[in-house]
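Scroll down for the structure; my scribbles are underneath it.
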Amino acid sequence: MAKLITVFGATGSQGGGVANALLEDSDFKVRILTRSASSAKAKALQERGAEVVEGSYDDPGSLERALQGAYGTYIMTQQYFELPDFDQLEIKQGKAVADAAKAAGVQHVVFSSLEDVQKTAGFPCLHFETKAHIEEYMRSIDLPATYIMFPAYYDNYLTVFKPRQLEDGTYELGWAMEGAPMQGISVPDAGFAIRGIFKNRAEWLGRTVGLCADNITIQQHADILSKHLAPKVFKPTKMTSDAFGKLPFPGAKHLGDMFKFYRLGNPDRSAELTRQLYPGTRSLDQWVQDNKEALLSVLAMDKTAGKAQYVK
Ligand SMILES: NC(=O)c1ccc[n+]([C@@H]2O[C@H](COP(=O)([O-])OP(=O)(O)OC[C@H]3O[C@@H](n4cnc5c(N)ncnc54)[C@H](OP(=O)(O)O)[C@@H]3O)[C@@H](O)[C@H]2O)c1
């Protein structure tokens with residue numbers, strides 16, 4: 001009989017990758033929780049066979065409905081950088097979902113965690129630490145769980161890290177990595193890898209799995225984009241992580257801290273483990289080839305450039 005997995009964040013990037021992968025597999029049934037059952041994304045998932053529960057992390061009754069009878073659940077939490085005390089809210093919401101999963105007797109939780117950067121690297125990175133605190137709570141209540149560590153999404157090139165067009169017509173990539181390599185993956189591929197975890201509870205329960213497809217410099221990103229999107233030319237930003245942290249938008253400081261952690265903290269993500277879970281995991285080179293049209297249309301959409309949410 002197909003196993004029911006409740007996927008949180010299924011209308012978004014990360015959860016969307018997981019829901020998509022599970023919906024393609026007859027071993028699973030999918031239920032999602034969304035704040036708006038009438039949204040286009042929720043309806044599209046429903047049309048593909050997902051059961052839709054309307055609710056919120058802030059509504060315990062909806063969490064109970066979402067998890068009732070589920071064999072497994074994929075839990076991701078959201079950072080609301082624009083809110084004061086966003087960290088407290090994320091932790092509260094994560095704990096509420098954990099409590100609901102425990103009460104429902106879910107057998108396999110896969111939680112999208114991140115490192116306690118303050119503890120491991122000696123400087124803060126708040127939107128990572130929130131997830132580490134939630135993981136700590138999940139461990140304290142003995143949730144049967146696997147913990148995932150995501151790297152940066154390639155898919156950010158289509159959204160928040162859209163390349164910024166400079167006055168000379170070239171495009172700047174906003175990752176403030178200061179020459180260091182950065183681990184990355186596309187969210188659909190991560191979804192298939194996470195499906196591999198749900199398929200083999202005995203092997204993955206209690207483990208932490210750092211996902212990535214490759215670990216290359218932003219100059220290499222730029223070379224790949226320039227090769228496939230020629231004659232457009234891409235180059236890495238010269239901005240430091242500290243300078244990024246001072247940009248005037250909500251969350252800039254935390255993202256600056258994140259780049260510093262990516263560069264100095266040696267985050268543990270394994271391309272080998274990821275391809276063990278999903279051999280089809282694409283390199284950035286392959287992802288760019290597969291997304292050429294989408295990338296070109298995003299670049300064409302906004303000539304005023306620098307309009308990428310995170311890059312001014
Ligand atoms: N971008 C990256 O490279 C990256 C890398 C590693 C980790 N992350 C982490 O990924 C998380 C963001 O995930 P994402 O990129 O998938 O975000 P996203 O595309 O913006 O999706 C957010 C999802 O969260 C759901 N959601 C938000 N508030 C909710 C609430 N109160 N109750 C129930 N559901 C709620 C939304 O559902 P509805 O709108 O349908 O309600 C949506 O499905 C962040 O915590 C970030 O730190 C991101």
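The values are calculated or read from the model by the stated rules, or taken from the named source; none is laboratory data. On a predicted model such as this, the values are computed, not experimentally measured, just so you know. Positions of Cβ are backbone-derived with ideal geometry, glycine not excepted, and every protein chain shown enters the neighbour counts. Protein only, heavy atoms only, side chains kept; ligands, DNA and RNA dropped before computing areas. Shrake-Rupley method; radii C 1.70, N 1.55, O 1.52, S 1.80 Å.
See the values below:
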item: Number of the condition not met by Thr120 [criteria: (1) open to solvent by 10 Å² or more (accessible area, probe 1.4 Å); (2) more than 21 Å from Leu264 (Cα to Cα); (3) of a type in the set (Ser, Thr, Tyr); (4) touching a residue at least 12 places away in the same chain (Cβ under 8 Å)]; result: (2)
item: Residue, nearest to the ligand (Cβ to nearest atom), within the range 150-169, restricted to residues that are touching a Pro at 6+ places or on another chain (Cβ under 9 Å) and open to solvent by less than 20 Å² (accessible area, probe 1.4 Å); result: Pro151
item: Restricting the range 1-12 to residues that are more than 12 Å from the ligand (Cβ to nearest atom) and hydrophobic (A, V, I, L, M, F, W, C), the residue that is surrounded by the most Cβ atoms within 10 Å (Cβ to Cβ); result: Ile5
item: Count of the range 207-221 residues which are surrounded by fewer than 22 Cβ atoms within 10 Å (Cβ to Cβ) and part of a strand (DSSP E or B); result: 5
item: Number of positions in the range 128-148 that are surrounded by fewer than 22 Cβ atoms within 10 Å (Cβ to Cβ) and either within 8 Å of the ligand (Cβ to nearest atom) or basic (Lys, Arg) (or both); result: 1
item: Count of residues meeting criterion [crowded, with 19+ Cβ neighbours inside 10 Å, within 11 Å of the ligand (Cβ to nearest atom), of a type in the set (A, V, I, L, M, F, W, C) and not in a strand (DSSP E or B)] in the range 57-81; result: 3
item: Filter pass, Pro188 being of a type outside the set (Lys, Arg), under 20 Å from the mean Cα position of the chain (by Cα) and either open to solvent by 10 Å² or more (accessible area, probe 1.4 Å) or more than 16 Å from the ligand (Cβ to nearest atom) (or both); result: yes
item: Members of the range 84-114 that are closer than 27 Å to Asp257 by Cβ and not in a helix (DSSP H, G or I); result: Pro84, Asp85, Val110, Phe111, Ser112, Ser113, Leu114
item: Some residue of the range 225-237 being under 17 Å from Ser283 (Cβ atoms), outside the structural domain of Phe81 (by TED's automatic domain parsing) and part of a strand (DSSP E or B); result: yes
item: Every residue from the range 13-32 that is more than 10 Å from the ligand (Cβ to nearest atom), touching an Asp or Glu at 6+ places or on another chain (Cβ under 9 Å) and open to solvent by 20 Å² or more (accessible area, probe 1.4 Å); result: Lys29, Arg31
item: Single match in Ala2, Ala42 (criterion: in contact with an Asp or Glu (Cβ under 9 Å, 6 or more places away or on another chain) and under 21 Å from Val187 (Cα atoms)); result: Ala42
item: Qualifying position, being among the small types (Gly, Ala, Ser), in contact (Cβ under 8 Å) with a residue 40 or more places away in the chain, at positive phi and in the same structural domain as His133 (by TED's automatic domain parsing), among Gly49, Gly9, Gly94, Gly17; result: Gly9
item: Residue selected from the range 33-56 under the condition crowded, with 19+ Cβ neighbours inside 10 Å and within 26 Å of Phe161 (Cβ to Cβ), by the criterion farthest from the ligand (Cβ to nearest atom); result: Leu45
item: Candidates Gln88, Gln118 - the one that is in contact with a Cys (Cβ under 8 Å, 6 or more places away or on another chain), under 24 Å from Met138 (Cα atoms) and more than 13 Å from the ligand (Cβ to nearest atom); result: Gln118
item: Conditions (1) out of contact with any strand residue (DSSP E or B) (no Cβ under 8 Å at 6 or more places or on another chain); (2) part of a helix (DSSP H, G or I); (3) within 16 Å of the ligand (Cβ to nearest atom); (4) open to solvent by less than 20 Å² (accessible area, probe 1.4 Å); number of the one not met by Gly196; result: (3)
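Yes/no matrix, rows are residues, columns are (1) touching a strand residue (DSSP E or B) at 6+ places or on another chain (Cβ under 9 Å); (2) under 30 Å from Met301 (Cα atoms); (3) modelled with pLDDT under 95:
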| residue | (1), (2), (3) |
| --- | --- |
| Ala96 | no, no, no |
| Asp99 | no, no, no |
| Ser112 | yes, no, no |
| Lys119 | no, no, no |
| Lys131 | yes, no, no |
| Ile134 | yes, no, no |
| Met138 | yes, no, no |
| Tyr147 | yes, no, no |
| Tyr153 | yes, yes, no |
